[in-house]
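Input: a single structure, listed below in structure tokens.
Every number in this text was worked out from the coordinates using simple rules, so none of it is lab data. Just so we're clear, the structure is a prediction, and the values are computed from it rather than from any experiment. Cβ placement follows ideal geometry from the backbone for every residue including glycine, while neighbour counts extend to all protein chains displayed.
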Amino acid sequence: MAVGTATVRRPALTTRWGRALAPYLLIFPGVAWLLIFFLFPLLTLAVTSLMSGDFVAGFQFTWNFNNYTYGLGLYATQYSHSLEYGASATLIAFLLAYPAAYWIAFHAGPRKSAYLLIILLPFFVSFVLRTLSWETLMGDDGPILGPLKSAHLIPSDFRVLATPIAVTFGLAYTFFPYMLLPIYASLEKIDRRLIEAAEDLFANRVEVFRRVIFPLSIPGVFAGVLLTGIPATADFVNQTLLGGAGTTMIGRVIEQQFEVSANYPLASALAFVFMLGLLAMLLLYQRLFGTDELVRAR
Amino acid sequence: MSTAVPAAAQPRQTPVAAAVSRSRIRPSRLILPAYAHLVILWLFAPIFVMMVFGFNDTHGKFNFTWAGFTLRWFMHPFGIPTLTSAALTSLWTALTATLISTSLGTMLALASHRYDFRGKTILNSVLIMNIAASEVVVGSALLTLFVTYGVGLGYVTIVLAQVMFTIPFVAITVGARLAGTDPALEEAAQDLGATPVVTFFLITLPVIFPGVLAAALLALAISLDDYVITSFVAGNTQTFPLWVFGATREGVPPQVNVIGTLIFTFGVLVAVGGAVYRSWSVRRLARETGFQSR
């Protein structure tokens, strides 16, 4: 009851305490959500991976490291398939995306954003549907191989589906935007004066690219490699639809162990090993390049 | 109002020298554009196949070989009840998830860009981790959580998961917009006695709205399209991608291609419409203010 002085009641959040508290109130729901449904589950995954028992009798926590040794021994081939196809798909995506991104960034002129939009349009279609279309397209008697076979240009038992090539190209296709966008972003923001300076110093086109443009685009390339490589290594949709019995990747094994065999501890151990491998790669990346580029690239 | 076009808005004259050098294009200069266009062709190949096979007059279970043209699938795109209900489930879960994650993600972005607080770096790392995390790992981890605590799988768990993996995309997209706006506007409003909540709804939200809208569309697209994580936490509930993937064993009906074509057309219209609107409003702004960016 201040009499005589005209006091303005300041709202709670503009006081010093309110100001200090506001960010915590703002982040609370989001952080809680991520804690409960992102970080904490990784812990339950680790705990489950050390359990024993079966789905009917129930699982008990017994420090059962056997899941790891057994799982790694049994599925070593599938882990190596994942690495192999994931790495090849990343390389293919890079070889396709870099020149396209380069051309759009430096030579598409005023149609730059139109080209970027065109490149992203196919990805409006559901990922499963796109993969299904590749299955049709690469089919043994599909629109490409069918006519070639009836013209006797290729042997009738020639096939692309169910081979590692089909899986690898499917993966490269699926995650293509994750490669192109960061590369494009890093090429696009290169200061054009640096290129002019190099040209003034008598560098030819190849030298400008090799010594100026490419080194400056490396952060984008690494972001692209990371954002393509991680999902490509784990994916099992491409492998299921485009691959065959001999191309099984670890993602498929994990999914089957959860959904079909209901062997949760073994599946968790397989997933956990996979996560540790990816985490090691991510930490190495952060060490080398920081996370800034990754945030802006998206 | 102004009818006179300012000098800055007129296109610059192309120097004669440049025109001359451009008329003598070496063949090696054509390799790069040709390559880029081939890549675009490759990107559209499966989309084209999807559209064409929606018109395929197939009579068997499988829709892999061309059997003639028909419009009957386009006449009855929703002729398969389970497919239609899966598509509706997709729509509702994704819309619910988008609503929640857009709110939570915008709040995270606001805190990150307008305030200092402890653990900001950790929060940013968690967001990056979330984006970079492998879907198979995240999906199986969530499944072990729900199984451990006896949470029934279905509609609710799908929404919980979809919010979780779209929050970082919203936070980053809205954050990018916030970084490009001037906090002085908000300070001015507060100096004039507006409470932070009033400031947010009257000043901040209208300014960052394009970013929020873009983030919401991104969250919606990611949720609608998600297969891997959703498949782990869906139980017996079917979303559109889950239904299609499940149908691959017995043969996918052409209605799937029809629905895919409709979604694609809708997406193209929204994207192209948005781009045209943006360039139109930029041009209008240039006309009205006599200012041209770049």
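How far apart, in nm, are the 7 Å Cα→Cβ label points at residue B:236 and residue B:34?
Going by the 7 Å Cα→Cβ label model, 5.8 nm.
Given the options B:108, B:205, B:224, which has the most mean-square fluctuation in a GNM of chain B, springs set between C-alpha atoms less than 10 angstrom apart?
Residue with maximal mean-square fluctuation among B:108, B:205, B:224: B:205.
Looking only at other chains, what is the average number of their beta-carbon atoms within 10 angstrom of each beta-carbon in A:114-125?
Working: counts 3, 3, 1, 5, 6, 5, 3, 9, 11, 6, 13, 10.
Averaged over the peptide's residues, the number is 6.
Quick one: grab the alpha carbon gyration tensor of the stretch A:70-157, order the square roots of its eigenvalues as a ≥ b ≥ c, and give me rounded if a/c is under 1.5, else prolate or oblate depending on whether a/b is larger than b/c. It would help to have the intermediate numbers written out before the result.
On the way: a/c = 2.17, a/b = 1.24, b/c = 1.75.
Verdict is oblate for the stretch A:70-157.
So if we plug the beta-carbon distance of residue B:92 and residue A:203 into 1/(1 + (r/R0)^6) with R0 = 60 Å, what FRET efficiency do we get, rounded to 0.05? Intermediate results must be reported in sequence, preceding the final value.
Values: r = 58 Å, r/R0 = 0.96.
Here the calculated transfer efficiency is 0.55.
With θ set to phi - 60°, apply the Karplus curve 6.51 cos²θ - 1.76 cosθ + 1.60 along the stretch A:101-108 and write out the HN-Hα couplings as whole Hz, x wherever there is a Gly or Pro.
Calculated HN-Hα couplings, in order: 4, 4, 5, 5, 5, 10, 10, 7 Hz.
Given the peptides B:242-249, A:62-69, B:226-233, A:141-148, arrange them by the average over their residues of other C-beta atoms within 10 Å, most packed first. Can you show the working numbers first?
Working: B:242-249: 18.5, A:62-69: 14.1, B:226-233: 24.6, A:141-148: 15.6.
Per-residue Cβ counts within 10 Å, averaged per peptide and sorted highest first, yield B:226-233, B:242-249, A:141-148, A:62-69.
Would you mind estimating how fast the stretch A:17-61 diffuses translationally, via Stokes-Einstein at 25 °C and 0.890 mPa s with the Kirkwood radius over Cα pairs, in µm²/s?
Details: Rh = 13.1 Å.
Here the translational diffusion coefficient equals 188 µm²/s.
Among B:267-274, A:133-140, how do they line up by average Cβ neighbours within 10 Å per residue, starting with the highest?
Values: B:267-274: 13.8, A:133-140: 21.4.
Sorting B:267-274, A:133-140 by mean packing, highest first, produces A:133-140, B:267-274.
Given B:240, B:98, B:124, which one lies farthest toward the positive end of the charge dipole of the stretch B:81-252, if we put +1 on the Cβ of every Lys and Arg and -1 on the Cβ of every Asp and Glu?
B:240
Under 13 Å from the Cβ of residue B:240, count the other residues' Cβ atoms, weight Lys and Arg +1, Asp and Glu -1, and hand me the total. Present the calculation step by step, with values, prior to reporting the outcome.
Values: positive: none; negative: B:225, B:226.
My count for the surroundings of residue B:240 gives -2.
If I model a spin label as a point 7 Å beyond the Cα along the Cα-Cβ vector, how far apart are those points for residue A:77 and residue A:259 in nm?
Modelled inter-label distance: 2.2 nm.
What is the sum of charges, Lys and Arg at +1 and Asp and Glu at -1, for the other residues whose Cβ falls under 14 Å from the Cβ of residue B:136? Let's see the in-between values first.
Details: positive: A:252; negative: A:235, A:255, A:259, B:135, B:226.
Neighbour charge sum, excluding residue B:136 itself: -4.
When the scattering of the protein assembly as shown is computed by the Debye formula from its Cα atoms alone, each counted once and equally, what is log10 I(q)/I(0) at q = 0.05, 0.10, 0.12 Å⁻¹?
-0.26, -1.00, -1.37
Which of A:78, A:179, A:190 sits farthest toward the positive end of the charge dipole of the stretch A:73-220, with +1 on the Cβ of Lys and Arg and -1 on the Cβ of Asp and Glu?
Towards the positive end, the residue furthest out is A:190.
If I take R0 = 25 Å and measure r between the Cβ atoms of residue A:19 and residue B:201 in this structure, what FRET efficiency does the formula 1/(1 + (r/R0)^6) give, to the nearest 0.05?
Working: r = 19 Å, r/R0 = 0.75.
It comes to 0.85.
From the C-alpha coordinates alone, can you work out the Kirkwood hydrodynamic radius of the stretch B:241-294, in Å?
Numbers: mean 1/r = 0.0700 Å⁻¹.
In the stretch B:241-294 this quantity evaluates to 14.3 Å.
Across the stretch B:116-127, in residue order, what do the Karplus-derived ³J(HN,Hα) couplings come to in whole Hz, using 6.51 cos²θ - 1.76 cosθ + 1.60 with θ = phi - 60° and x for Gly and Pro?
9, 8, 5, x, 4, 4, 4, 4, 4, 5, 5, 4
Using the Kirkwood formula on the Cα atoms of the stretch A:1-155, what hydrodynamic radius do you get, in angstrom to one decimal?
Working: mean 1/r = 0.0418 Å⁻¹.
About 23.9 Å, per the Kirkwood formula over Cα pairs.
First measure r as the distance between the Cβ atoms of residue B:42 and residue A:288, then evaluate 1/(1 + (r/R0)^6) with R0 = 30 Å and state the FRET efficiency to the nearest 0.05. Spell out each step's value before the answer.
Working: r = 31 Å, r/R0 = 1.04.
E(calc), rounded to 0.05, equals 0.45.
At 25 °C and a viscosity of 0.890 mPa s, what translational diffusion coefficient does Stokes-Einstein give for the stretch B:138-240, taking Rh as the Kirkwood radius over Cα pairs? Give it in µm²/s as a whole number. Write out the running numbers ahead of the final one.
Numbers: Rh = 15.9 Å.
Stokes-Einstein gives a translational diffusion coefficient of 155 µm²/s.
With springs only between Cα atoms under 10 Å, which of A:277, A:18, A:243 fluctuates most in a Gaussian network model of chain A?
Looking only at A:277, A:18, A:243, the largest GNM fluctuation is found for A:18.
Can you run the Rg to Rh ratio on chain B? Use alpha carbon positions and the Kirkwood inverse-distance Rh.
Numbers: Rg = 25.0 Å, Rh = 23.6 Å.
When Rh is taken as the Kirkwood radius, the ratio is 1.06.
Checking a compactness column here: for the stretch A:91-227, what do you get for Rg(Cα) / (2.2 N^0.38 Å), N being the number of residues? Display every interim value, and only then the final one.
On the way: Rg = 19.1 Å, N = 137, 2.2 N^0.38 = 14.3 Å.
Relative to the rule-of-thumb radius for its length, the stretch A:91-227 sits at 1.34.
In nm², what is the average projected area of the convex hull enclosing the Cα atoms of chain A?
Working: hull surface 114.1 nm².
Taking a quarter of the hull surface, the average projection is 28.5 nm².
What distance in nm lies between label points placed 7 Å from Cα along the C-beta direction at residue B:52 and residue B:191?
For residue B:52 paired with residue B:191, the spin-label model returns 6.5 nm.
I'm checking a number: the convex hull volume of the Cα atoms of the stretch B:81-252, normalised per residue, in Å³. What is it? Please list the in-between numbers first.
Numbers: hull volume 23.5 nm³, N = 172.
Considering the Cα atoms of the stretch B:81-252, their hull volume per residue is 137 Å³.
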